[in-house]
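The structure appears below as structure tokens.
The values are calculated or read from the model by the stated rules, or taken from the named source; none is laboratory data. On a predicted model such as this, the values are computed, not experimentally measured, just so you know. Quick reminder, even Gly has a Cβ in these numbers, built from the backbone with ideal geometry, and neighbours come from all protein chains shown.
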Amino acid sequence: MPLSRITAAVDGTRAGFEAARQAGRLVSPGGSVRLIAVADPYFAAMNTWAGQRLVSPEDVVKSGGEHLAKERLLERAAEAVADGRRQIPKGVDVTGEVIEGATRDVLIEASRDTRVLVLGSHGGGRVSGLVLSSTATDMIRHAASSVLVARPPFDEDDFPRSIAVAVDGSEPSLYALEVARQIEVACSGRPAMRVVTAGRVAAGATAPGPYGDIPVEQLRGRAHDAIARVGDGVDLIVLGARGLKGAKALGSVSERVAHKAASSVLVVRPHA
């Protein structure tokens, strides 16, 4: 099942909490959520975690900075995992751990043992669109799993209230449709579903859905801009990791949609 094993990266920020929350909401019934906090030596060297200083100048004078910074880093990372657990609904199988190492290496390795890797998006607000971190961009390009970039929904207690899935007839986009359908079924048909395309479709085309066929909406403009704009009115955009770049494969379109959309974006890899 595409949503049976989900890993969420938490880092003590609001974005990390949202990653944990959405992982808990989207995991399949009977599935599991793994929370990881990366204790990257870079953070200790830069004396920072979640935008806050790890060691004060007074602490450095008293006990030395580098060793204490690493200690504090591990403590804050453990707190982030504990806080992340509180975002997961009761009844969901959840584990959590702190992993020491370079952030990119840890997340790439984690993506090999999960179906979906969830990352929060830092900076800005929903109206202006959040700035996608370089880590999230890197994971969309290189992770072995599907990747969800989590942004705050319209209603935290009603996520996902609405879903848009981008299709173009390719295998990856049809798999994205299947994943969106599974989310819809898991939520008892509650999310409003839109199926959109930036390619050419026959007039009156529909996509199969568990609650009846869904009309395919033809979007105008460049694929990444048109699909990203859909995020102004939905909580979650689902699209394949290939497709929707003119008549050819997607590649950068998924990254651009994830960067520009105001909503959460799930980039699905067909065989993840």
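Collect the residues in region 2-44 that are in a loop (DSSP other than H, G, I, E, B) and under 20 Å from residue 188 (Cβ atoms), keeping them in residue-number order. Show your work before the answer.
Narrowing region 2-44 to residues in a loop (DSSP other than H, G, I, E, B): 2-4, 10-13, 27-31, 40.
2, 3, 4, 27, 28, 29, 30, 31 - these are the residues of region 2-44 that are in a loop (DSSP other than H, G, I, E, B) and under 20 Å from residue 188 (Cβ atoms).
Quick one: how many residues across region 106-120 are small (Gly, Ala, Ser) and either not in a strand (DSSP E or B) or not assigned by TED's automatic domain parsing to the domain that holds residue 146 (or both)? Show your work before the answer.
Taking region 106-120 and keeping what is small (Gly, Ala, Ser), we get 110-111, 120.
Narrowing the set further to residues that are either not in a strand (DSSP E or B) or not assigned by TED's automatic domain parsing to the domain that holds residue 146 (or both) leaves 110-111.
Of the residues in that region, 2 qualify.
Each row is one residue, and each column tells you yes or no for (1) of a type in the set (S, T, N, Q); (2) in a helix (DSSP H, G or I).
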| position | (1), (2) |
| --- | --- |
| 67 | no, yes |
| 70 | no, yes |
| 78 | no, yes |
| 84 | no, yes |
| 88 | no, no |
| 95 | yes, no |
| 104 | no, yes |
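Being buried (at least 17 other Cβ atoms within 10 Å of the Cβ), at pLDDT 95 or above and assigned by TED's automatic domain parsing to the domain that holds residue 9 is the requirement here; does residue 82 meet it? Outline the logic, then answer.
Values: buried (at least 17 other Cβ atoms within 10 Å of the Cβ): no; at pLDDT 95 or above: yes; assigned by TED's automatic domain parsing to the domain that holds residue 9: yes.
Against the criterion (buried (at least 17 other Cβ atoms within 10 Å of the Cβ), at pLDDT 95 or above and assigned by TED's automatic domain parsing to the domain that holds residue 9), residue 82 does not qualify.
Quick one: is residue 249 buried (at least 23 other Cβ atoms within 10 Å of the Cβ) and either in contact with a Ser or Thr (Cβ under 9 Å, 6 or more places away or on another chain) or modelled with pLDDT of 85 or more (or both)?
On the way: buried (at least 23 other Cβ atoms within 10 Å of the Cβ): no; either in contact with a Ser or Thr (Cβ under 9 Å, 6 or more places away or on another chain) or modelled with pLDDT of 85 or more (or both): yes.
No, not satisfied.
Filter region 121-137 down to residues that are surrounded by fewer than 17 Cβ atoms within 10 Å (Cβ to Cβ) and farther than 17 Å from residue 252 by Cα and give me whichever is modelled with the highest pLDDT.
123
Please find, within region 69-106, the residue that is farthest from residue 45 (Cα to Cα) out of those that are without any contact (Cβ under 8 Å) to a residue 60 or more places away in the chain and of a type in the set (D, E, K, R). Talk me through it step by step, then tell me what you get.
The first filter runs over region 69-106 and keeps only residues without any contact (Cβ under 8 Å) to a residue 60 or more places away in the chain, leaving 69-75, 78, 82, 86, 90-91, 104-105.
If we keep only those that are of a type in the set (D, E, K, R) as well, we get 70-72, 75, 86, 90, 104-105.
Working: 70: 8, 71: 12, 72: 12, 75: 15, 86: 29, 90: 37, 104: 17, 105: 18 Å.
Applying the filter and picking the extreme gives 90.
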